[in-house]
Amino acid sequence: MLTDAELVCVAVAQALLGFPSERHWLRYARQHLTGLFPYLPQQSGYNKRLRAALGLVKRVIRMLARSSDFWLDDCWIVDATPVPCGMSRPTVQRSELAGWAGYGYCASHSRFYWGLKLYLVCAPSGMPILWALADPKVGEREVLAAMLQVEQEVTGRHEQILLICDKGFAGKDFETLLTDYGITMLRPSRKDEKARYGEPMLKKVRQLIESVNDTLKGQLDLEHHGGRSAEGVAVRVAQRILAMAAAIWHNHTTNAPITRSLIAYDH
């Protein structure tokens, strides 16, 4: 009674309209969106359908990226941002995420947290190219190397990629690995290094990276996902990435002045 296509649309609308709670969202949708979705399941049914649709949501993200000009962009930006999954010690001890989630430290906000880390590789427009969730204790270079290994087909479509990242990805062996993939790294120099080539241009780019994370957190409530299981957290993060990708794709298709603006969709 609710097709897969309708399910994805409902999930994207939930993220864009700012409803972290599924119960509140379904209550609102039944009052205001019955013309678009004649049938909406109860909260438990919606939750089960959404968790089972993780693979579908990931495919739609990739489909939107591939169908845009941003997929051919040879400049990529990578960053990692916290995805908290619990706030108390009892929650950590009882959580189904134990063994995947862990304790981490966010230097930019000077705080510790328990949860996961979202690694996002995107075009300068913000269009997601690659993404993954990982334990905060796993090294950033290790996670990105695994992402590139899994998605060799994506990197293989580019002759040369400029990857812009922060100092957390620094390492000679890692740069050698990137070279094998046809990727050139552009990052700030560490204190024990000489100034690296192209470093002055990174200040503006760094603001771009932070603004993409702010879109996910400030407008799409990434940190208020409400997931309590591995599937639940994964699909809720994917739901928000899909919402951002859909807005970018639509704004680009309609020649909107700001590609990553969500103002037209958040009310």
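The values are calculated or read from the model by the stated rules, or taken from the named source; none is laboratory data. Here the structure is a predicted model, which is why all the values come from computation and not from measurement. In this analysis, Cβ positions are derived from the backbone assuming ideal geometry, glycine residues included, and neighbour counts consider all displayed protein chains.
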- Looking at this structure, is A29 without any contact (Cβ under 8 Å) to a residue 24 or more places away in the chain and either touching a Leu at 6+ places or on another chain (Cβ under 8 Å) or outside any strand (DSSP E or B) (or both)? yes
- Query: Looking at V83, is it closer than 18 Å to V154 by Cβ, out of contact with any Ser or Thr (no Cβ under 9 Å at 6 or more places or on another chain) and touching a residue at least 60 places away in the same chain (Cβ under 8 Å)?
  - Reply: no
- Task: Could you tell me which numbered condition D173 fails, if it satisfies all but one of (1) in contact with a helix residue (DSSP H, G or I) (Cβ under 9 Å, 6 or more places away or on another chain); (2) farther than 25 Å from I258 by Cβ; (3) surrounded by 13 or more Cβ atoms within 10 Å (Cβ to Cβ)?
- Result: (3)
- Message: Just to be sure I understand the filter: pairs with C-beta atoms under 7 Å, separated by 6 or more residues or on different chains, first member in the stretch 88-99 and charged (D, E, K, R), second member part of a helix (DSSP H, G or I) and modelled with pLDDT of 80 or more. Which pairs pass?
- Response: E96/A230
- Query: Which residues, counting only those in the stretch 150-170, are part of a helix (DSSP H, G or I), surrounded by fewer than 16 Cβ atoms within 10 Å (Cβ to Cβ) and of a type in the set (A, V, I, L, M, F, W, C)?
  - Reply: V150
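Would you be able to tell me the number of residues in the stretch 219-267 that are in a helix (DSSP H, G or I), modelled with pLDDT of 90 or more and not aliphatic (A, V, I, L, M)? It would help to see each step written out before you state the result.
Of all residues in the stretch 219-267, those in a helix (DSSP H, G or I) come to 219, 222-224, 230-253, 263-265.
Okay, now just the ones that are also modelled with pLDDT of 90 or more, so 219, 222-224, 230-253.
After this cut, where a residue has to be not aliphatic (A, V, I, L, M) as well, the list is 219, 223-224, 231-232, 236, 239-240, 249-253.
Number of matching residues: 13.
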- Message: With the requirement that a residue be under 17 Å from A134 (Cβ atoms), surrounded by fewer than 18 Cβ atoms within 10 Å (Cβ to Cβ) and aliphatic (A, V, I, L, M), what does the stretch 81-101 give you?
- Response: A98
